[in-house]
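Contents: one structure, followed by commentary.
Here, each number is a calculation from the coordinates, and none is a lab measurement. Please read all numbers here as calculations on a predicted model, not as lab measurements. Neighbour counts are summed over all protein chains in view; Cβ atoms, including those assigned to glycine, are modelled from backbone coordinates with ideal geometry.
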Amino acid sequence: MKAKLKILFVLILACIGFTVSAQKITISGHVKDAVTGEDLIGATVYNTNKKVGTTTNNYGFYTLTVNKADTLGMVYSYIGYKPQTKKVAAGNNLVINIDLTTSDNSIDEVIVNGNRNDNNVRKAQMGVIDVPLKQISTLPAIGGESDVLKVIQLLPGIQQGKEGTTGFHVRGGNTDQNLVQLDEATIYNPNHLFGLFSTFNTNAINNVKLIKGGFPAEYGGRLSSILEITMKEGNKNNFAVSGGIGLLSSNLSVEGPIKKQKGSFIISGRRSYFDLLSKPFIPKNKNNTNYYLYDINAKINYTLTDKDRVYLSFFSGLDDAKYTGANSLNYGINFGNKTATFRWNHLFSNKIFSNTSLIYNDYHNSLTTTQGNYTSQLYSGISDLNAKTDWEINPNTRHSIKFGANFSYNTFFPATTSNKIPKKGTISTIKPSNIPRKYSSQLAFYLSDEIKFNEKLSANIGVRMPIFLSSKANYSAIEPRATLKFETSSSSSIKASYTEMNQFLHLVPSSTASLPTDIWISSSDIVKPEVSRQYSLGWFKNFKDNAIETSVEAYYKTMSNQVLFKEGTQPLLENNIDQQLTFGKGESYGIEFFAKKNFGRLTGWLSYTLSWTNQTFKDLNYGKTFPYTYDKRHNISAVVTYDLSKKWTVAADWVFTSGGAYTLPLGKIPVYQGGSLYDIFYYDYAERNNYRYRSYHRLDVSFIHHNRERTFFGKKVTSEWVFGCYNLYSRMNPYFVYLTVDPLTKKPSAREVSLLPILPSVSWNFKF
């Protein structure tokens, strides 16, 4: 291990050249939306003289070192915006801030030469997808709720969870192996309505990026993917209001300048009205049965000086459900997330950029059920305090160096209990304040360098060193990261990567239902860190001046120290959860095909994934290898958005997946005692996940009518109607299977249950 670390550091340091020729200058600045002043993340900056370029970081900042020249040609571009070309005299270092205006793809299909959105080919990074916001806002979804996570499920290498849920599985990983971040704060449960749609309000989102392989060194703590969501900063020039009214919920956003060109704010909220609409229909003599959810986003930013900028963002989301009804079953569910993030950007020079963040997040879920004479409750809570610093240095055209450190302090308080309801007195429930706390902390350092060896060959080489500390165990690791890229032509490249990842926080599944009942725990002397090693190889090719991008990626991933509950166990408050777990390993491999059209009236993508995922646990399935629950051999997604005219846009997606694995007993054995037959049976489970569901497929369609812009009280008002249909041909896709006995033949049979038939929706959105 030590030898591996030494080799990586020597390689990085040997490649880093800090000497800058006297014939070089640096051009830096920010790229923004001309109307709102929002930073454009991942915008392309390209020098036509030497045909070199870069992209803006998560704060819209770029820096590019080029040769001195009497005149430099610079092209600034971003998907969905008109490219801007500048001719500048370049005798000294320059600061160039660019404002881009949106393009109207419904007018024509013209692709501007030099609009070089070819990062998929040229950058030495793979397994990265920038999710287009247009598709998020236009694609049909359940109840008309535009949803980031629903769009994520349509990407290659992504397996959706249960029907109708937003859970996703990346390259054979579990849901907890996805690090979901909102403005750098971890969201432990990014779901509303039991998973039907996510907690992320589309109106408050600026950028969405998914990383599923070839992880850069600055990311860690999860095995399978990084979903990075950045909130809007607010309109820096004018006050604006936007919102929408749908079947399930309504939302409203207010944004505007604190001081023009210096600071801005945005407040966005969403709330359902199931409880309000159902209240008149519930008799007053009945117990309370209702459900509501809400989420609130808020963010402010302010430019202190030309070199200093601060951000403060908040998020709060909550689901609360109560039910009284069938078979005397009563339940209550309450779960939610809260986050707060403070960030400070400082520009030390036109080549050195830093960001320092302080982050707080809190997650809890509580499930209480009562039936008959018994009640049970599950409570799971986790909170984090996080401090991190990230640095970017661009010494010359050949090197882009990143390094930093991250410290987090984690508090866990999981518990479950089950009791008989007393004849007198009150029902005993879990009080969060009485749950014994468990603590852990994590410290991580990283260093990486994106190196350009020549015009065709480049690499991203880095290393991350995580350290885990708790009262029961301490762990440390060395995580090498390397991606090599070779350009086979001006529009194509081949990439290969190797990544090691460690995960110290684990979500242990306690139920197969789509409910927030799983429990977060930390590593201990018994629960070892999960470890993954992933190898990837890919070919990337663009057509028609980058209007169409294609890729083929193959991967092989191993996962060790996977965590599940032992057969027949449930976590209890008085017991040590660690003792109830079993540990195993997993293996996933496959190949992913992706084709995406970025420009024109017709946009969208087509993806196909062929994959295998297996698990092996010593204490499960007699130690024999079995398929992962979400092992689905074939996965096809087709996504289309077409501008019929300036007034009408149509969007559709079609999904097909092979059936996932599940377990059914082969038979049952009656129990005899004392010569009498008790009505008790033991089921014979020969193998785990021994059956497959039917294949899954559905078609979703939406039509968007853009109303004519009108003026009220001196304000320009735009609005649109969205008519959607989820599962257009009402495919009854399998949700789960249960075993029953035919009352006539007395023979056992398996019954399949479906969840969501055709679901039409309508919503109205406005902005002024």
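Which residue, chosen from Y535, G590, S242, occupies the Cα position most advanced towards the positive end of the dipole of the chain, where the dipole is computed from +1 (Lys, Arg) and -1 (Asp, Glu) charges on Cβ about the Cα centre?
Value: S242.
Calculated from DSSP H runs of 4 or more alone, at -39500 (n - 2.57) each and per residue, what is the 222 nm mean residue ellipticity of the chain, nearest 500?
-1000 deg cm²/dmol
What does the highest-first list of 182-193, 700-711 look like by mean Cβ count within 10 Å?
For the peptides 182-193, 700-711, the packing ranking is 182-193, 700-711.
Assuming R0 = 41 Å, can you tell me the calculated FRET efficiency for the pair Q23 and L358, based on Cβ-Cβ distance, to the nearest 0.05?
0.50
Mean separation of Cα pairs under 8 Å and 6+ residues apart, divided by the residue count of the chain: what relative contact order is that in percent?
11
So how do 24-30, 639-645 stack up, highest first, on mean other-Cβ count within 10 Å?
Listed from highest to lowest mean packing, they are 24-30, 639-645.
Positive end of the charge dipole of the chain (Lys, Arg +1 and Asp, Glu -1 on Cβ, about the Cα centre): tell me which of S313, I393, S607 has its Cα farthest that way.
Value: I393.
Do the alpha carbons of any pairs in K597/K632; K51/K351; K209/K715; K557/K596 sit beyond 28 Å of each other, and which pairs?
Table pairs above 28 Å Cα-Cα are K209/K715.
Please give the helix 2-15 orientation as an angle from the longest Cα principal axis of the chain, in degrees from 0 to 90, rounded to the nearest 10.
Result, in degrees: 30.
Take the Cα radius of gyration of the chain and divide it by 2.2 N^0.38 Å, with N its residue count; two decimals is plenty.
Output field value: 0.99.
Assuming R0 = 25 Å, can you tell me the calculated FRET efficiency for the pair R751 and V650, based on Cβ-Cβ distance, to the nearest 0.05?
0.10
What's the FRET efficiency of N474 with S349 using the Cβ-Cβ distance as r and R₀ = 41 Å, to the nearest 0.05?
0.60
Please tell me which of these pairs span more than 31 angstrom C-alpha to C-alpha: K541/K624; K260/K767; K232/K438; K299/K767?
In this structure, K541/K624; K232/K438 exceed 31 Å between Cα atoms.
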